[in-house]
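Some notes on the structure that comes next.
Coordinate-derived values only; no laboratory data. Just so it is clear, the structure is predicted and the values come from calculations on it, not from any experiment. Cβ placement follows ideal geometry from the backbone for every residue including glycine, while neighbour counts extend to all protein chains displayed.
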Amino acid sequence: MIVLDRENRIFTLHTLNTTYQMKADQYNVLLHTYYGSRIDGCDLSVLIQCNDRSFTPNPNEAGSNRNYSLDVMPQEYSTCGVGDFRLPSVELELKNGSHTVDLRYKGFRLEKGKCPSEGLPGFYGSEDEVETLVIVLKDAAAQVETELYYSIFENYDLITRAVRVVNQGTDEIRLYQCASLCLDFLRDDMDLLTFNARHLMERCPDRGPLRPGILSVGSVRGISSHQHNPFVILCDHDADEDKGMCYGAMLLYSGNFEAAVECSQFENSRLVMGIHPYHFCWTLEPGQAFTAPEAAMVCSPDGFGQMSRQYHRAVREHLLRDPYHGRQKPVLVNNWEATYFDFNADRLIDIAREAAALGIGLFVMDDGWFGSRNDDNSGLGDWQVNLEKLPGGLEDLALHIKDLGMKFGIWMEPEMVNEDSHLYRAHPDWVLHVPGRAPSRGRGQLVLDFSRKDVRDYIYEQMKAILSGADISYLKWDMNRSLTDVWSAGLSARRQGEVYHRYVLGVYDLLERLRHDYPHILIEGCCGGGGRFDGGMLYYTPQIWCSDDTDAIDRLRIQYGTSFCYPACTVGAHVSAVPNEQNGRVTPLNTRGITAMSGAFGYEMDLGRCTMEEKNEIRRQVKNYKIHYDLLHYGDYYRLSSPYQDSVYTAWEQVSPDQREALVNVVFGCAGTAPLFCTLRLKGLDPALQYQVDGTDSFYSGKALMNAGYPLPSVQGDYPALQIYLRAAG
Ligand code: GLA
């Protein structure tokens, strides 16, 4: 709900449990007055106190009033060069060389529904579901107008933000920064949580208190990256899963980004998040506009758990565009770890046949089916089937798979090219490269210049020929390196600062074309696993291969971190063989199944090499997954313990929205001799209901399970796991 106090120019955005407020003051400065637990009917600008502080300049129109300074007051969208020395949200250069930006309130408008931002991903919603407030700020001297968009997804406690800068002058301007979100707090006694690490170990949470100066994470790799996720949380020092104020900030963007938090001299803090200013410079001709990517905030007064569940619901219902919406996705089998590049049609059909017999419904052929692709040094860019490996072509293979009662999917890496390819030999100038420099390789490959439409058009034609030439219902869109040598032959020297962003827009453009032309194809995003696991990609690819690390115990950590923002149904997760390909660890098949099942589930192993006992176990897992599909994908997710803190076990739980069903998952650590008995306290149940455990004669009340706990059985061996199904009696 948006509440307007026109007289006092106060804008209050209410969600179910939270309130966000801004006020245009006597000098038309848009102040941020409050964000937190819901408060109705208050002008919260009373919280802002000013007095004369030295070295904090006063705007000219404040006259002799030395109490008024932009450097002290919480700003809604921070400027630069006029007295606020904290992190700017926007920086631009005028023809006269000035970098000063001074935005003042000009007006507002209300829109029903969500304003679409052309070419960029965003949460969507109907006019009944969403309302949008647009606040217009203007820098009169620079002739620059800035529109701040706020869309309210009330039931999800979610507010999306976007920013549009318009050049209303007669000269070009150069935009060096245009943040998507600026969030000022009248406090700095908070922790910052970020999600970091590296390839094969993505989204590990890191938590620490704010401190004087700037803390920041980001990426200048051209992808959102394995190293830092474009999602951060600010929270109370004592916030945990169930209590404390938490502010989540998610950027729907798949390229260079920065999330920076500054603690100021007056113990206030500011979060600024958006496209990374590194090598960003966008030229706006008179009349032109630039739109910054969307950011989505969830504030939870009740800890991380509630914040995550609100994000999960909002992502599932208002961000994903899933061809399987309302239907079960098939369990898949992928041949990558089973064969790598070494396969032919017979080998693939054998794997598919085994899989079909176990109830698996989708066969995905990974890398190696095209061009001269027998290892990762050649072939990328040549999207023609390798007839030596697949003599009957894709069509014939797809028919064989269909005969087995399965759907068929393929792997592609459209953004890349190997030097050893027909495409590169024909168009060496199509790769990102700086004139006079030989470009760096990554995994032996170069990056196609997706900022160029002609390059994208060519690749799209190749993709269409493949996707239309056989019965294909799934595409794994991979991307296996960071961007370097970022320079485009398609842009003038003055516009080279646009290449990184235009590249991302190019990726989105092609994905959108695919979605439009092949709405039935489920696209899985991938970037060496989870290098582009972000809200931007999820708009186009409703699931993303979460990590190239398929070890179940490492996955507990990766999936735990991922779950802070992203729902389980988006997390591509496969059972693979042991010893694990990445780290050599041996874990029970049951553990691998339970871990992967809390995601978009599949297998990535040579099923033909499984024993009869293992096959029976896989059959049981697939059946179980199908039975509990709704709980696993749409249930409310509760983290019951942290794999970073608890070495005895890691536990998590899915609860149906009506609280009548729950699935409790527990994975134990290494075998311990004479272990202690553990009880696991559950969450999210109805205290008044009696729950039957796994169809047995054991009944526990919700109240008992949540307060006293469930007695975990003692287990033997390394990494055993259990899954307990609870169903309300009656
Ligand atoms: C990336 C992906 C893997 C696999 C390989 C194929 O590493 O993350 O899942 O598809 O590429 O080359």
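Rounded to whole Å, give me the distance from the Cα center of the range 112-130 to that of the range 223-271.
24
Angle between the Cα long axis of helix 345-357 and the longest principal axis of the chain, 0 to 90 degrees, nearest 10?
It is inclined by approximately 90 degrees.
With unit charges on the beta carbon (Lys/Arg positive, Asp/Glu negative), name the residue among Q227, M245, L284 whose Cα is farthest towards the positive pole of the charge dipole of the range 226-301.
L284
To the nearest 0.05, what FRET efficiency results for Q26 and D375 with a Förster distance of 45 Å applied to their C-beta separation?
Numbers: r = 68 Å, r/R0 = 1.52.
The pair Q26/D375 has a calculated efficiency of 0.10.
Which residues make up the longest stretch of the chain that has no GluC sites (Glu not before Pro) in a DSSP loop with at most 12 other Cβ atoms within 10 Å?
Working: sites that count: E7, E118, E127, E388.
That gives 389-730 as the longest site-free run.
If I stretch the segment between L676 and N96 completely, what's the gain in nm (0.36 nm per residue apart, minus their alpha carbon distance), one decimal?
On the way: separation 580, 0.36 × 580 = 208.80 nm, distance 7.28 nm.
201.5 nm is the gain from fully extending L676 to N96.
Charges on Cβ only, +1 for Lys and Arg, -1 for Asp and Glu, centred on the Cα centroid of the chain; of L510, N344, S180, which one is farthest towards the dipole's positive end?
S180
Quantify how much of the Cα-Cα distance distribution of the range 162-281 extends past 20 Å, in percent.
Working: 3354 of 7140 pairs.
Considering the range 162-281, 47 percent of its Cα-Cα pairs are separated by more than 20 Å.
Treating cross-link reach as a plain straight distance, find the lysines whose alpha-carbon is under 17 Å from the alpha-carbon of K106, omitting any fewer than eight places away in the same chain.
K23, K138
Taking R0 as 56 Å, what's the FRET efficiency between Q143 and D646 from their Cβ-Cβ distance, rounded to 0.05? Each step should come with its number before you reach the end.
On the way: r = 58 Å, r/R0 = 1.03.
For R0 = 56 Å, the calculated efficiency reads 0.45.
Rank G584, T100, T570 by how far each Cα sits towards the positive end of the charge dipole of the chain (+1 on Lys, Arg Cβ; -1 on Asp, Glu Cβ) and give me just the farthest.
T570
Please give the contour-minus-distance gain from R66 to Q265: 0.36 nm per residue of separation, less the Cα-Cα distance, rounded to one decimal in nm. It would help to have the intermediate numbers written out before the result.
On the way: separation 199, 0.36 × 199 = 71.64 nm, distance 1.76 nm.
Gain in length upon complete extension: 69.9 nm.
Is it possible to state the helix-based mean residue ellipticity at 222 nm for the chain, with each DSSP H run of 4+ residues giving -39500 (n - 2.57), the sum divided by total residues, to the nearest 500 deg cm²/dmol? What is it? Can you show the working numbers first?
Values: 13 runs with 139 residues, N = 730.
One gets -5500 deg cm²/dmol as the mean residue ellipticity at 222 nm.
Under Stokes-Einstein, with the Kirkwood radius over Cα pairs standing in for Rh, what whole-number D in µm²/s applies to the chain at 25 °C and 0.890 mPa s? Please report the intermediate quantities before stating the final value.
Details: Rh = 27.0 Å.
Approximately 91 µm²/s, per Stokes-Einstein.
Evaluate the Debye formula for the range 108-171 with equal point scatterers sitting on the alpha carbons, no solvent, and hand back log10 of I(q)/I(0) at q = 0.14, 0.17 Å⁻¹, in q order, two decimals.
-0.45, -0.62
To the nearest 10 degrees, how steep is helix 453-469 against the longest Cα principal axis of the chain, on a 0 to 90 scale?
Here the helix axis deviates by roughly 30 degrees.
Using alpha carbons only, how many degrees (0 to 90, rounded to 10) separate the axis of helix 303-318 from the longest principal axis of the chain?
80
Step through the residues of the range 183-192 one at a time and calculate ³J(HN,Hα) from phi using the Karplus curve (6.51 cos²θ - 1.76 cosθ + 1.60, θ = phi - 60°), rounding each to whole Hz and writing x for Gly and Pro.
Running phi through 6.51 cos²θ - 1.76 cosθ + 1.60 with θ = phi - 60° gives 9, 9, 10, 8, 7, 9, 7, 9, 9, 10 Hz.
So how far apart, in nm, are the two label points at E614 and A426 if each is 7 Å from Cα heading toward Cβ?
Distance between the two pseudo-spin positions: 4.3 nm.
Is there a quick way to get the dipole size of the range 639-728? I mean about its Cα centre, with the Cβ of Lys and Arg at +1 and of Asp and Glu at -1; what is the value in debye to the nearest 20?
The dipole of the range 639-728 has a size of about 200 debye.
Given K464/K615; K402/K623; K389/K623, which pairs have Cα atoms separated by over 26 Å? Intermediate results must be reported in sequence, preceding the final value.
Values: K464/K615 37 Å; K402/K623 21 Å; K389/K623 33 Å.
Table pairs above 26 Å Cα-Cα are K464/K615; K389/K623.
Please work out the FRET efficiency for the pair V586 and E395, using the Cβ-Cβ distance as r and a Förster radius of 60 Å; give the result to the nearest 0.05. Present the calculation step by step, with values, prior to reporting the outcome.
Working: r = 40 Å, r/R0 = 0.67.
FRET efficiency, V586 to E395: 0.90.
Exceeding 32 Å between C-alpha atoms, which entries from my cross-link table qualify? They are K476/K683; K114/K476; K626/K703; K243/K476; K114/K683.
On the way: K476/K683 35 Å; K114/K476 30 Å; K626/K703 29 Å; K243/K476 39 Å; K114/K683 34 Å.
From K476/K683; K114/K476; K626/K703; K243/K476; K114/K683, over 32 Å: K476/K683; K243/K476; K114/K683.
Per 5 Å bin from zero, what fraction in whole % of the C-alpha pairs of the range 639-728 is there, up to the bin with the longest pair?
For the range 639-728, the pair-distance distribution reads 3, 14, 26, 25, 16, 11, 5, 1, 0.
Would you mind counting up the charge near F341? Only other residues with Cβ under 10 Å from its Cβ, with Lys and Arg at +1 and Asp and Glu at -1. Don't skip to the answer; put the middle values down first.
Values: positive: R373, K389; negative: D342, D366, D367, D375, D376.
Net charge around F341: -3.
What percentage of all Cα-Cα pairs in the range 385-513 are separated by more than 20 Å? Spell out each step's value before the answer.
Working: 4131 of 8256 pairs.
Value for the range 385-513 (Cα pairs over 20 Å): 50 percent.
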